[in-house]
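Data block below; observations after.
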Amino acid sequence: MGNWIANHWFSVVVLGAWLGLNIFLFVYFFMIYEKGQQYAYTRELLGSALAWARGSAACLNFNCLLILLPVCRNLLSFLRGTCSCCRRSMKKQLDNNLAFHKLLGYTIALMTAIHTIAHLFNIERYYNGAQDGKATLKGMLSSIGDEEDDWLNPIRSKEQTPSYVAFTTIAGVTGVVITLALIIMITSSTEFIRRCYFEVFWYTHHLFIIFFAGLLIHGVGRIVRGQTLDSMEHHNYSDCYNKFSEWKKVAGDDDDDDDDSDTNKCPMPAFQGNEPMTWKWILAPIILYIFERILRFYRSQQRVVVIKAVSHPSKVLEIQMQKRGFKMEVGQYIFINCPSISALEWHPFTLTSAPEEDFFSVHVRSAGDWTEKLIQVFQEQANHPPRLEVDGPFGTASEDVFQYEVSMLVGAGIGVTPFASILKSIWYKFQNEDQRLKTKKIYFYWICRETGAFAWFADLLRSLEQEMVSSGKDGFLNYRLFLTSWDSNIAGHAIINFDRPTDAVTGLKQKTSYGRPVWDNEFSNVSEAHPRSTVGVFLCGPQALATNLQQCCHQFSSLDPRKVQFYFNKENF
């Protein structure tokens, strides 16, 4: 447990601060509306549902302020690459931007549910109060403000129904629209929808525009009201709430009534709506996000030249491109749009080229309708490739790979793409004899289901093998290839060719392993080989594998900070 805290203390601090602020805001505003003298008559009419509605509204404002920040990718890339205060612990939080974005989304959904249910109770009680006559306190409160804007109950006649208030007032209409937009966004963001029907997720998620537009004007109607300060000076709730039958309109200045009479001590109370507050919370992040989108739109409109497209086995397409002013770091990713397929869809792809190359490239695997169409279009238009638009690059955890003395790179299937960029960059650094390279050892693991999936990457590994041998650094890279889906024919072929110097499947010196790696053994070997090193573990692969690797990082990290420490990093798009 102590080791886990040592590796995640900054995460604990950030989440603790976020949770603490949510609790503070909820309790603070809950108590204002539950105990505050200004809202005493409002509570008489509505009960505790008002406090629940206002406490959840405060949390909604706070989380809506934050939810756009994790998807401001240029801001995150700036913090990662250029901000001097962005240390390793903080960078790891930047890698969790999408997880935090999801957490905020679920919190907003929860607070919206509380806020909506509480206001449904409020509308029903408004309606009940409007049905009562002036013989009851609720009825008297509901009758106030027939001619002036000092009313407490928005239902002004017995004929108005709760449905009428919900669908005719600004708060009601925007509340319905906001809730529907949120429900659609949340349900279409599930893992199944994103994986199998990405277009549904992509388009429905843009309902956030309607969501935030509704939030900005939701409180303009000022339906939630409290007693005015001037009224509180002349009308004390404790003295007057049980004398409601004697409340009178305040007379003019020339009124000759006795100032000490009970009637003048309890004039008719006046109420006013609360000033809208939501815009104060969300306006700044909205403006920041608008600038983010403008910058991304400007960059995406810059001309992209496709210089080469190569079809690899297992339905993998390599696209090499050039773009004026394009600069990248290892492991970064870009968004690609193909207008001939869809004018609005943008999909993220990890760059497989190295910063030292004069082009940038991606490897696209067929994993859905859009990628299938992209590969088909490039095959059909080999001589005249379709126009592409590129947004990026954006930073990821893999940028930090050269900041560790030892690095463990784990790629599953097409998840090897960020490590292609890293290994290519290492190749160029060896060729240029770069003395700034801090990394002393790299362990590379690639887990695949099919033998054909190794083909496009084998040439790179073969070239790197030769370069390291010629440089006298053949021990720098230790790589293991694992084939998880194989039959008896492949196994027999591997056994027959066991004595050959190269692998029967990949043609590399390193023989392919069959089955899945035993991570406990791998981590144990690394920790024994590097007892006093800082080891960065980098994964581009499924969550189940991430959980396993993260547990191993905790298990094999020493409690002594001077000994081996494993730091887990995962690619997130």
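The values are calculated or read from the model by the stated rules, or taken from the named source; none is laboratory data. Here the structure is a predicted model, which is why all the values come from computation and not from measurement. Ideal geometry is used to build each Cβ from the backbone, glycine not excepted, and the neighbour counts take in all protein chains shown. These accessible areas exclude ligands, DNA and RNA; they are computed on the full protein's heavy atoms, side chains included. Shrake-Rupley method; radii C 1.70, N 1.55, O 1.52, S 1.80 Å.
Data for the structure
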{"quantity": "Cβ-derived FRET efficiency at R0 45 Å, Ile193 paired with Thr228, nearest 0.05", "calculated": "0.35"}
{"quantity": "Average accessible area per residue (Å²) across the stretch 106-237 - probe 1.4 Å, nucleic acids and ligands excluded", "calculated": "53 Å²"}
{"quantity": "Euclidean distance of C-alpha centroids, the stretch 260-311 and the stretch 38-77, integer Å", "calculated": "14 Å"}
{"quantity": "Solvent accessible area, Å² - Val304, 1.4 Å probe, full protein context", "calculated": "20 Å²"}
{"quantity": "Rounded accessible area per residue of the stretch 362-442, 1.4 Å, Å²", "calculated": "41 Å²"}
{"quantity": "Heavy-atom accessible surface of the stretch 178-238: percent carbon and sulfur, 1.4 Å", "calculated": "71 percent"}
{"quantity": "Carbon and sulfur %, accessible surface of the stretch 289-398 computed with the full protein complex present, 1.4 Å", "calculated": "51 percent"}
{"quantity": "Per-peptide average of other Cβ atoms within 10 Å, ordering 154-163, 133-142 highest first", "calculated": "133-142, 154-163"}
{"quantity": "Across Lys35/Lys138; Lys102/Lys424; Lys138/Lys158, pairs whose alpha-carbon gap is larger than 22 Å", "calculated": "Lys102/Lys424"}
{"quantity": "FRET efficiency, Arg449 to Ser470 (Cβ-Cβ, R0 35 Å, nearest 0.05)", "calculated": "0.55"}
{"quantity": "Label point at Asn432 placed 7 Å out along Cα→Cβ; residues across the stretch 337-359 whose backbone nitrogen lies under 12 Å", "calculated": "354-358"}
{"quantity": "Pairwise FRET efficiency - Phe359 versus Gln551, Cβ, R0 = 45 Å, nearest 0.05", "calculated": "0.70"}
{"quantity": "Potential lengthening between Glu246 and Ala99 on full extension [0.36 nm per residue; Cα-Cα distance subtracted]", "calculated": "47.1 nm"}
{"quantity": "Vicinal HN-Hα couplings computed from phi for the stretch 162-167 (Karplus, 6.51 cos²θ - 1.76 cosθ + 1.60; Hz; Gly/Pro x)", "calculated": "x, 5, 4, 5, 5, 10"}
{"quantity": "Euclidean distance of C-alpha centroids, the stretch 313-380 and the stretch 195-247, integer Å", "calculated": "46 Å"}
